[in-house]
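Undergrad: Submitted below is the structure of interest, expressed as structure tokens.
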Amino acid sequence: MRNTVIPQGRHWQAIRKYLGKRFWWLGVLVGAIALLTATVTPAQTSDVIIRPTSPQLGDTISVILQTNDGTAPTIAYDGASYSSFPVGSNRYRALLPTTPLDRPGRKVIQFTLNGEPRSFAVELRNRRFPTQSIRVGGGTSTEATDYELNRLREFREAVSPQKFWSGPFARPADGRVSSEYGIRRYYNGEFAQDYYHKGVDYAGGTGSPIYAPAAGRVMVVGRVADGFRVNGNTIAVDHGQGVGSVFIHLSRIDVQEGDMVQPGQRIGAIGATGLATGPNLHWGLYVNGKSVDPVPWRQGGFE
Ligand SMILES: [Zn+2]
């Protein structure tokens, strides 16, 4: 190899020329990475805000979109589609539920914004839930009636356009949490693949007050006498836009279907009606049909 004398100022030019010949593939690689990150953006952009940025099983994922054309985007996520609702001028928000039954890992959120298809990736983190071992006998088991199943399905599937809630949810009972969200079970030593505790239980004596955790419209009042055999006396409140609360095993119901309730309003009392081992309040929070962890709704809340 011949030595070439390169004038001082031309060093960089020569190095660049050399690198360009030697490492052309690096440029292709950088280009490919740039293209990939442009089509599936992992975090957020000025017109898209996804919270939390690092969700875990049971979390609600909020997707806020800024549009130019004022049309509410529909969001595709994990094989389902979700409506978005206005939360400001040309701002829309969709709430995506996750549960302990979801497969953790990379999830893609897709929608069309201002006529342009967009994709965002989120990493849904795994989470360890406590487990319980239950022994069940071979005797007769109490089953839910079609009536209670149908009424509660109607409640879970309701997506009313109004947003009744505002700010973080309040605690619905004064007692301690006796059973947290998401607990998994073993029945006679066998892991129940599709079971998880779909709510939070609060300890409390029969007759202790239950308060609405947020504003909403009473959608279901179910009584043991009408066929709420497993859930017992039940109240389901629609908070709007696919968000709803259900309260079961009550001893008393103080509201009627169609009533509007305010946060902190007394709606009933703790009991042990239906299939309950003792007096407690089970509060289930549903987002677009799935039972989610109420804790993020209690702490930061959702716009
Ligand atoms: Zn429970």
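Undergrad: In contact with a strand residue (DSSP E or B) (Cβ under 7 Å, 6 or more places away or on another chain), under 18 Å from PHE302 (Cα atoms) and touching a residue at least 24 places away in the same chain (Cβ under 8 Å): which single residue out of THR53, THR74, THR67, THR60 fits that description?
TA: THR60
Undergrad: Under 7 Å between Cβ atoms, at least 6 apart or on separate chains: pull out the pairs that start in region 276-303 with a residue that is buried (at least 23 other Cβ atoms within 10 Å of the Cβ) and end on any residue that is assigned to a helix (DSSP H, G or I).
TA: Sorted first by the residue in region 276-303, then by its partner, the pairs are LEU285/TRP297; TYR286/ARG156.
Undergrad: Being within 12 Å of the ligand (Cβ to nearest atom) and out of contact with any strand residue (DSSP E or B) (no Cβ under 7 Å at 6 or more places or on another chain) is the filter here; which residues of region 158-189 pass it?
TA: GLY182
Undergrad: Hey, can you tell me all the residues within region 271-303 that are more than 16 Å from the ligand (Cβ to nearest atom), small (Gly, Ala, Ser) and at pLDDT 95 or above?
TA: Passing the criteria: only GLY289.
Undergrad: I've got another one for you. Got at least one residue in region 59-78 being touching a Lys or Arg at 6+ places or on another chain (Cβ under 7 Å), of a type outside the set (Val, Ile, Thr), at pLDDT below 95 and surrounded by fewer than 14 Cβ atoms within 10 Å (Cβ to Cβ)?
TA: Looking through region 59-78, none of the residues is touching a Lys or Arg at 6+ places or on another chain (Cβ under 7 Å), of a type outside the set (Val, Ile, Thr), at pLDDT below 95 and surrounded by fewer than 14 Cβ atoms within 10 Å (Cβ to Cβ).
Undergrad: A follow-up question, please. How many residues are free of Cβ contacts under 8 Å to residues at least 12 places away in the same chain, outside any helix (DSSP H, G or I) and either farther than 25 Å from GLY182 by Cβ or open to solvent by less than 50 Å² (accessible area, probe 1.4 Å) (or both) when one looks only at region 108-157?
TA: Here the count works out to 6.
Undergrad: For region 257-272, enumerate the residues that are more than 17 Å from VAL200 (Cα to Cα) and open to solvent by 20 Å² or more (accessible area, probe 1.4 Å).
TA: Correct list: GLU257, GLY258, ASP259, MET260, GLN262, PRO263, GLY264, GLN265, ARG266.
Undergrad: While we're here: Give me the residue from region 215-240 that is open to solvent by less than 10 Å² (accessible area, probe 1.4 Å) and touching a residue at least 60 places away in the same chain (Cβ under 8 Å) and, out of that set, farthest from the ligand (Cβ to nearest atom).
TA: GLY240
Undergrad: Going by the structure shown, is VAL246 closer than 19 Å to ARG298 by Cα and either assigned by TED's automatic domain parsing to the domain that holds ASN150 or touching a residue at least 24 places away in the same chain (Cβ under 8 Å) (or both)?
TA: Yes: the conditions hold for VAL246.
Undergrad: Still on this structure: Consider ARG171 carefully, then state whether it is open to solvent by 10 Å² or more (accessible area, probe 1.4 Å), farther than 24 Å from ASP259 by Cβ and at pLDDT 95 or above.
TA: Judged against the criteria, ARG171 is not a match.
Undergrad: Which residue is farthest from the ligand (Cβ to nearest atom), if the candidates are limited to region 190-207 and must be open to solvent by less than 20 Å² (accessible area, probe 1.4 Å) and either of a type in the set (Lys, Arg) or not in a loop (DSSP other than H, G, I, E, B) (or both)?
TA: TYR202
Undergrad: If you don't mind, there's one more thing I want to ask. Would you check if ILE210 is farther than 30 Å from PHE85 by Cα, open to solvent by less than 20 Å² (accessible area, probe 1.4 Å), aliphatic (A, V, I, L, M) and touching a residue at least 12 places away in the same chain (Cβ under 8 Å)?
TA: no
The values are calculated or read from the model by the stated rules, or taken from the named source; none is laboratory data. Source: prediction; values computed, not measured. Glycine also receives a Cβ, built like all others from the backbone with ideal geometry; neighbour counts cover every protein chain displayed. Accessible surface areas use protein heavy atoms only, side chains included; no ligands, DNA or RNA. Shrake-Rupley method; radii C 1.70, N 1.55, O 1.52, S 1.80 Å.
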